[in-house]
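The values are calculated or read from the model by the stated rules, or taken from the named source; none is laboratory data. Values in this document were obtained by computation on a predicted structure and should not be read as measured data. Cβ sites come from the backbone with ideal geometry, for glycine too, and all protein chains shown count toward neighbours.
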Amino acid sequence: MERVLLAQGGINPWAQGGFPLVGLIGVRAVAIAAGASSVVGALGGVLGALAGAVIAAALTTRRVLIATDRGVVVLEYGRFGGAKPTKVVARLPQGTAIGSLSGTWAQTELAGERLWVHKKWHGDAAVPAGRLG
């Protein structure tokens, strides 16, 4: 049986929301402090939020975990594009432990990398003894 789930590494998923917020508030505050009009400040805030979102995406690694009867493969896929795998990160033995998955973003470690798995994928990884595969 094959199981597939998505995960992400890099920065904490909860912190990702803070990057656009900091960009929005920071750029707008600087623009207004520099004496810019409120329209320019608002535009600067929007551009700051966009820059924060791009920085957060650049600091995030995206992974596909595939478990088969032969083992577990960790694949990398693009930071800004779709979910098309670009390279194999690791091949792990069958029955590799992924730990307990609970909460909105469950934290685990695979192939020496800290990963977060969204609760949407917890059911796909739910197997006896907390193992993937």
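What are the residues in the stretch 96-132 that are under 15 Å from R3 (Cβ atoms), modelled with pLDDT of 80 or more and of a type in the set (D, E, K, R), if any?
K120
Quick check on G26: is it surrounded by fewer than 19 Cβ atoms within 10 Å (Cβ to Cβ), over 23 Å from the mean Cα position of the chain (by Cα) and on the phi > 0 side of the Ramachandran plot? Talk me through it step by step, then tell me what you get.
Numbers: surrounded by fewer than 19 Cβ atoms within 10 Å (Cβ to Cβ): yes; over 23 Å from the mean Cα position of the chain (by Cα): yes; on the phi > 0 side of the Ramachandran plot: no.
The answer is no for G26.
Considering only the stretch 72-86, how many residues are outside any strand (DSSP E or B) and free of Cβ contacts under 8 Å to residues at least 60 places away in the same chain?
6
Based on what the data block shows, is G48 modelled with pLDDT of 90 or more and either not in a strand (DSSP E or B) or not assigned by TED's automatic domain parsing to the domain that holds L115 (or both)? Quick ask: steps written out before the conclusion?
Values: modelled with pLDDT of 90 or more: yes; either not in a strand (DSSP E or B) or not assigned by TED's automatic domain parsing to the domain that holds L115 (or both): yes.
Yes.
For the stretch 72-82, state whether one or more residues are surrounded by 16 or more Cβ atoms within 10 Å (Cβ to Cβ), closer than 22 Å to A15 by Cβ and of a type in the set (K, R).
Quick first cut of the stretch 72-82, residues surrounded by 16 or more Cβ atoms within 10 Å (Cβ to Cβ) only: 72-77.
Right, trim to closer than 22 Å to A15 by Cβ and you get 76-77.
Restricting the remaining residues to those that are of a type in the set (K, R) gives none.
No: the stretch 72-82 contains no residue that is surrounded by 16 or more Cβ atoms within 10 Å (Cβ to Cβ), closer than 22 Å to A15 by Cβ and of a type in the set (K, R).
Would you be able to say whether some residue in the stretch 55-74 is modelled with pLDDT under 80, in contact with a helix residue (DSSP H, G or I) (Cβ under 7 Å, 6 or more places away or on another chain) and not basic (K, R)?
Among the residues of the stretch 55-74, not one is modelled with pLDDT under 80, in contact with a helix residue (DSSP H, G or I) (Cβ under 7 Å, 6 or more places away or on another chain) and not basic (K, R), which makes the answer no.
Taking S38, is it loosely packed, with under 15 Cβ neighbours inside 10 Å, touching a helix residue (DSSP H, G or I) at 6+ places or on another chain (Cβ under 8 Å), assigned by TED's automatic domain parsing to the domain that holds G123 and not acidic (D, E)?
Working: loosely packed, with under 15 Cβ neighbours inside 10 Å: yes; touching a helix residue (DSSP H, G or I) at 6+ places or on another chain (Cβ under 8 Å): yes; assigned by TED's automatic domain parsing to the domain that holds G123: no; not acidic (D, E): yes.
No.
From the list P93, P85, which residue is within 13 Å of L6 (Cβ to Cβ), modelled with pLDDT of 80 or more and not β-branched (V, I, T)?
Values: P93 fails: within 13 Å of L6 (Cβ to Cβ).
Residue meeting the stated conditions: P85.
Mind counting the residues in the stretch 1-25 that are aliphatic (A, V, I, L, M) and outside any strand (DSSP E or B)? Write out each step before concluding.
From the stretch 1-25, those aliphatic (A, V, I, L, M) are 1, 4-7, 11, 15, 21-22, 24-25; that's our starting set.
Now narrow it down to the ones that are outside any strand (DSSP E or B): 1, 11, 15, 21-22, 24-25.
Residues flagged as aliphatic (A, V, I, L, M) and outside any strand (DSSP E or B) within the stretch 1-25 amount to 7.
Does V89 satisfy the criteria of being β-branched (V, I, T), without any contact (Cβ under 8 Å) to a residue 40 or more places away in the chain, assigned to a strand (DSSP E or B) and within 19 Å of K120 (Cα to Cα)? Spell out how you get there, then give the answer.
Values: β-branched (V, I, T): yes; without any contact (Cβ under 8 Å) to a residue 40 or more places away in the chain: yes; assigned to a strand (DSSP E or B): yes; within 19 Å of K120 (Cα to Cα): no.
Answer is no for this residue.
Could you pull out the residue among R62, R28 that is charged (D, E, K, R) and part of a helix (DSSP H, G or I)? Write out each step before concluding.
Numbers: R62 fails: part of a helix (DSSP H, G or I).
It is R28.
Take the conditions buried (at least 16 other Cβ atoms within 10 Å of the Cβ), small (G, A, S), touching a residue at least 12 places away in the same chain (Cβ under 8 Å) and part of a helix (DSSP H, G or I) and apply them to A53. Does it pass? Give the steps one after another, and end with the answer.
On the way: buried (at least 16 other Cβ atoms within 10 Å of the Cβ): yes; small (G, A, S): yes; touching a residue at least 12 places away in the same chain (Cβ under 8 Å): yes; part of a helix (DSSP H, G or I): yes.
Judged against the criteria, A53 is a match.
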